[in-house]
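To start, the structure under review is shown below, and the notes come after it.
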Amino acid sequence: MTQGTTEPGEVAGRPALRVLFVCTGNVCRSPAAAALARRLGGDRVELLAESAGTSPLTGHPIEADTAAALHARGIDASAHRGRPITRGLVAAADLVLTMTREQRSQAVALCPPALRRSFTVRELRRLVDRAEAEGSSRPAGDACSAAEWVASVGRWRGLATPGDDDVPDPFGRPAAVHEQVVGLLAENLAVVVPAAVRALAGDARG
C-alpha cells in the first residue's frame, strides 16, 4: 500500500468492518449491541457499528434501563437517538445483525443483495462457533477482508445446529429484563466480534 493512501476495506490504514444492528424501536437492543461491539472492537480493526429500527422511536434516547445496564459495563450511550432503517444503511454495511428473524427479513426486503450478509446476532454466534470448531472461521492464509470473513462464516448457514435465534425485546419491561438482554447481547458479541477482529487482522488463531 502506498504511504498516505487507504486500501478498500480500510479506515485510517486499518482493516474495517461496518456493522448495522437492527431492532424494532432502535432505543434498546440495537443501540446496546452497537455500543457493546464498539467496545469489543479494540484498536487493530476499525469497527464501525451503527444501529437503526424497523419501527423506530425517531429522535428518542436509549431507554433508561438499557442505558443503565450499559453504564454498569462502563459504556455511555446517552448520545444515541433512534432512527429508521433505510436501504442505504443496509447496502453500506459489511454485516447486518438483527435481533429477530423477522427483522432480518425486513432488512433483506429493503436491500435483497444483503441476504448473504444478514443474520440475527444469535444466529451468527452459532455459525462462528461451528466454523471455529471446524477450524474454518476465516479463509486460509493471511488477513482477509470483511466480505471474505462474512462469506466464510456464512457458508455454515443451514449446517450449524439450529437454535433460538431471536433476542427478546425488553421495551416496557422491568429493569431486570433490560439487564438480561444486554447480558445476552454481550455474551454473543464477545464471541462474534473477536472472531471478526482475528480474521481481519490476520491472527494465526481462528
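Descriptive notes on the structure:
- Comparison of Ala32, Ala16, Ala37 shows that the only residue that is under 22 Å from Ile75 (Cα atoms), aliphatic (A, V, I, L, M), out of contact with any strand residue (DSSP E or B) (no Cβ under 6 Å at 6 or more places or on another chain) and at pLDDT 75 or above is Ala32.
- Selection within the stretch 65-92 - part of a helix (DSSP H, G or I) and free of Cβ contacts under 8 Å to residues at least 40 places away in the same chain: Ala67, His71, Arg87, Gly88, Ala91
- The stretch 118-130 residues that are over 16 Å from Leu159 (Cβ atoms), paired with ones that are modelled with pLDDT of 95 or more and assigned to a strand (DSSP E or B) (beta carbon under 6 Å, 6 or more apart): Ser118/Val96; Thr120/Thr98; Val121/Leu97
- Test: Leu95 is closer than 22 Å to Arg122 by Cα, of a type in the set (A, V, I, L, M), touching a residue at least 24 places away in the same chain (Cβ under 8 Å) and surrounded by fewer than 22 Cβ atoms within 10 Å (Cβ to Cβ): no
- The lone exception for Thr100 - which of (1) crowded, with 22+ Cβ neighbours inside 10 Å; (2) on the phi < 0 side of the Ramachandran plot it fails: (1)
- Meets criteria (in contact (Cβ under 8 Å) with a residue 12 or more places away in the chain, closer than 27 Å to Arg157 by Cβ and either in contact with a helix residue (DSSP H, G or I) (Cβ under 7 Å, 6 or more places away or on another chain) or assigned to a loop (DSSP other than H, G, I, E, B) (or both)) for Ala35: yes
- Residue among Gly59, Gly88, Gly82 that alone is farther than 28 Å from Gly202 by Cα and surrounded by 20 or more Cβ atoms within 10 Å (Cβ to Cβ): Gly82
- Filter pass, Thr24 being surrounded by 20 or more Cβ atoms within 10 Å (Cβ to Cβ), at pLDDT 95 or above and within 14 Å of Leu185 (Cα to Cα): no
The values are calculated or read from the model by the stated rules, or taken from the named source; none is laboratory data. Remember, it's a predicted structure, so these values are computed and weren't measured experimentally. Reconstructed Cβ throughout: ideal geometry from the backbone, glycine too, with neighbour counts over all protein chains shown.
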